[in-house]
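The values are calculated or read from the model by the stated rules, or taken from the named source; none is laboratory data. In this text, all values refer to a predicted model and were calculated from it rather than measured experimentally. For neighbour counting, all protein chains shown are included, and Cβ atoms are generated from backbone atoms with ideal geometry for every residue, glycine included.
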Amino acid sequence: MIRASVIVPARDAQATLPRTLAALADQEGAPSFEVLVADDGSRDGTAGIVERAGARLVSLDGAGPAEARNAAVAAASGALLAFCDADCYPSARWLAAGTGALDGADLVQGRVLPDPRAGLGPFDRSLWVTEETGLYETANLFTTRSLFDRVGGFERWLEPMGDGHMGEDVWFGWRARRAGARTAFCAEALSHHAVFPRGGREYVAERRRLRHFPALAAKLPEIRETLFHRRLFLSRRTMKLDLALAGLAGAAGRRSALPLLAAAPYALELRRHAKNRAGGDWKSVAAIDAAADLTGLAALARGSVAARTAVL
């Protein structure tokens with residue numbers, strides 16, 4: 001009898017999916033499980049990879065990740081559901097740890113770190129999930145089938161604007177919490193995320209996605225307590241940037257250098273972060289970081305106006 005179903009949405013994932021499926025085949029100590037891959041309109045060899053690996057293929061035509069996960073769950077037979085992305089590589093005891101954590105919870109967030117086999121450049125894209133923040137990333141998420149059915153699965157609510165879909169997983173998690181679900185974080189359920197090379201220009205442009213966070217705060221005010229800094233700021237870093245800009249404006253308005261002291265925390269943060277990632281070439285990295293932070297600030301301002309709620 002199958003106890004768990006692993007759900008993997010995929011679209012044009014032939015570069016990473018073979019390793020994902022191999023990692024799932026190598027699970028240790030896990031309950032009996034099946035793997036279902038929702039191929040969402042791939043134009044590459046994704047479907048063939050799934051079939052050769054012996055996983056179950058669920059085919060869609062570009063419906064989006066929310067619909068893809070729902071379709072795979074509808075075809076699944078397990079009482080426990082484990083969600084994994086096609087660019088993630090679960091550790092050997094990932095499924096055992098995550099499903100085990102469901103003994104005391106209804107919704108479990110697993111840990112995600114960048115692929116240790118890959119070199120991580122200062123602007124490369126990957127994913128870190130090291131605690132429960134309330135985002136409930138489906139790169140590594142476990143739930144019971146009964147809770148999934150009770151909540152009604154994933155719902156798309158943010159329309160993509162050239163930067164992909166987002167938000168269906170956090171909305172699912174909070175609908176579950178509002179329905180009384182017990183949540184937990186399981187560090188032992190570790191999965192590694194692929195590292196994708198990215199240049200400075202793409203790194204800066206990616207910050208435009210921050211425009212969605214005010215809409216998230218309007219829909220889910222609870223996120224201000226679990227994710228934001230002091231309820232108003234997206235993070236400590238954005239707070240330091242806001243303080244620095246206020247200091248610069250004060251110095252210009254008062255024609256005094258004293259307000260510039262307000263910029264010191266952000267300047268120190270910028271330097272520390274850039275040195276950790278780039279070593280001796282930290283100044284150019286810091287300059288690109290500053291451009292990315294300013295792009296993010298503009299995106300938050302735009303989103304705050306649109307959503308009629310402030311996130312700084």
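Numbers below:
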item: Output for the range 250-281, where each listed residue is touching a residue at least 24 places away in the same chain (Cβ under 8 Å) and touching a Phe, Trp or Tyr at 6+ places or on another chain (Cβ under 7 Å); result: 274
item: Residues being out of contact with any strand residue (DSSP E or B) (no Cβ under 8 Å at 6 or more places or on another chain), part of a loop (DSSP other than H, G, I, E, B), surrounded by fewer than 14 Cβ atoms within 10 Å (Cβ to Cβ) and at pLDDT 95 or above - total across the range 150-189; result: 3
item: In the range 137-149, the residues that are assigned to a loop (DSSP other than H, G, I, E, B) and without any contact (Cβ under 8 Å) to a residue 40 or more places away in the chain; result: 137
item: Every pair of residues 6+ apart whose Cβ atoms lie under 6 Å, when the first sits in the range 96-114 and is surrounded by fewer than 22 Cβ atoms within 10 Å (Cβ to Cβ) while the second is modelled with pLDDT under 95; result: 114/120
item: Selection from the range 229-265 of residues that are in a helix (DSSP H, G or I) and basic (Lys, Arg); result: 236, 237, 240, 254
item: Any chance residue 272 is under 30 Å from residue 121 (Cα atoms), within 25 Å of the chain's Cα centre (by Cα), in a helix (DSSP H, G or I) and charged (D, E, K, R); result: yes
item: The range 235-249 residues that are on the phi < 0 side of the Ramachandran plot, paired with ones that are of a type in the set (Phe, Trp, Tyr) (beta carbon under 8 Å, 6 or more apart); result: 235/228; 237/266; 239/233; 240/266; 241/266; 242/233; 243/266; 244/266
item: Pick from the range 62-118, criterion in a loop (DSSP other than H, G, I, E, B) and of a type in the set (A, V, I, L, M), ranking: modelled with the lowest pLDDT; result: 63
